[in-house]
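What follows is calculated from the coordinates using simple rules that are stated; it is not laboratory data. Quantities reported herein were computed from a predicted structural model and do not represent experimental measurements. Every residue, glycine among them, receives a Cβ derived from its backbone with ideal geometry; neighbour counts consider all protein chains shown.
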Amino acid sequence: MRIIAGSRKGHRIDAPPGRSTRPTSDRVRENVFNILQPWIEGAAVLDLFAGSGAMGIEALSRGAERAVFVEAEPLACRVIDSNLEKLRLTGARVYQSDVARFLATDRGSYDLVFCDAPYNEYAELEPTLARYLPRLLAEEGLVVLETAARTEPQLPLTERTSRRYGAARITLFEA
C-alpha cells in the first residue's frame, strides 16, 4: 500500500500479515480523500478498526493536525506504530482497545471519523456506533463508514453520500 497524496505521497506502508485485517484499497482511499479534501487541513481524526492505519496516516499526510488510531489486534497496533515512525508523522496516538469500549469512554471531538469494521460484524456494531458517534463528532464533522457493498448503514446522522466500489460501500455521514 502507498500514501496517495500530501507530505508523504508515494511512501509505502505495511499492513498486518494474515487475513484478520482488510486494508482499504488505494483506489477507494484516493476517491474518499478526493471527497474529503476540504475537511482535512487541521482536522482531528479518529480511525476506528484502524488495521494498518492507512486512512488516518493518509489524513496526516494531507494536513490533519492529529489522529487517534483504535485497533484491538496487538500486531496491527505495532504495524501502525511502525508506519508512523517510518514516515516520521507526529500528532498520532495508537490505542489497543476494543472499539466499543473506546467509544463508550472517549471524550474527544473529531472532525473526521473513519470506521471500517469487519463486514460480518457491522450489523452487531451499528447500535454502538449510533449511540456514541454523534457525541464524538465535531460540528460540521464527517463519519466515513466502510461496509460491504450490500449493506446500507443507518446512523442518527445526515447521510451525505453513499458510493459502491466493488465489494465495498463508502457512506459519508455529517453532524
The chain, Cα convex hull volume normalised per residue, Å³: 100 Å³
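Can you give the % of DSSP beta bridges in the chain that are antiparallel, to the nearest 5?
About 45 percent, rounded to the nearest 5.
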Would you grab the residues whose amide H sits under 5 Å from the one on Tyr110? Only those 5+ places off in sequence or on another chain, please, with H modelled 1.01 Å from N. Leu137, Ala138
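For Arg163, what is the net charge nearby, where nearby means another residue's Cβ is under 11 Å from its Cβ and Lys, Arg count +1, Asp, Glu -1?
+2
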Pop a pseudo-label 7 angstrom from the Cα along the beta-carbon direction at both Arg150 and Arg78 and give the gap in nm to one decimal. 3.6 nm
Shape box of the range 33-73 [Cα atoms, principal axes, largest first, Å]: 31, 17, 13
Taking the C-alpha atoms of the range 127-175, convex hull volume expressed per residue in Å³: 62 Å³
Counting helices only, and only those DSSP H runs with n ≥ 4, report the 222 nm mean residue ellipticity of the chain as the sum of -39,500 (n - 2.57) divided by its residues, in deg cm²/dmol to the nearest 500. -10500 deg cm²/dmol
For the range 88-167, what does the alpha-carbon gyration tensor say about shape, rounded, prolate or oblate, given a ≥ b ≥ c as the root eigenvalues, a/c under 1.5 as rounded, and a/b over b/c as prolate? rounded
Given the Cα-Cα distance of Ala175 and Ala104 and 0.36 nm per residue of separation, how much length would full extension add, in nm? 23.7 nm
Interchain or long-range residues, amide H under 5 Å from Asp47's placed H: Val68, Phe69, Val70, Phe114
Using amide H atoms built 1.01 Å from N in the peptide plane, name the residues 5+ places from Arg160, or on other chains, whose amide H lies under 5 Å from its own. Leu172, Phe173, Glu174
What do you get for Rg/Rh of the range 53-120 when both radii come from the Cα atoms and Rh is the Kirkwood radius? 0.94
For the chain, give the magnitude of the charge dipole about the Cα centre (Cβ charges: +1 Lys/Arg, -1 Asp/Glu; no others), in debye to the nearest 20. 500 debye
Per-residue ³J(HN,Hα) for the range 76-81, Karplus 6.51 cos²θ - 1.76 cosθ + 1.60, θ = phi - 60°, Hz, x for Gly and Pro: 4, 4, 5, 5, 4, 4
Report the local net charge at Ile4: Lys and Arg +1, Asp and Glu -1, summed over other residues whose C-beta lies under 11 Å from its C-beta. +3
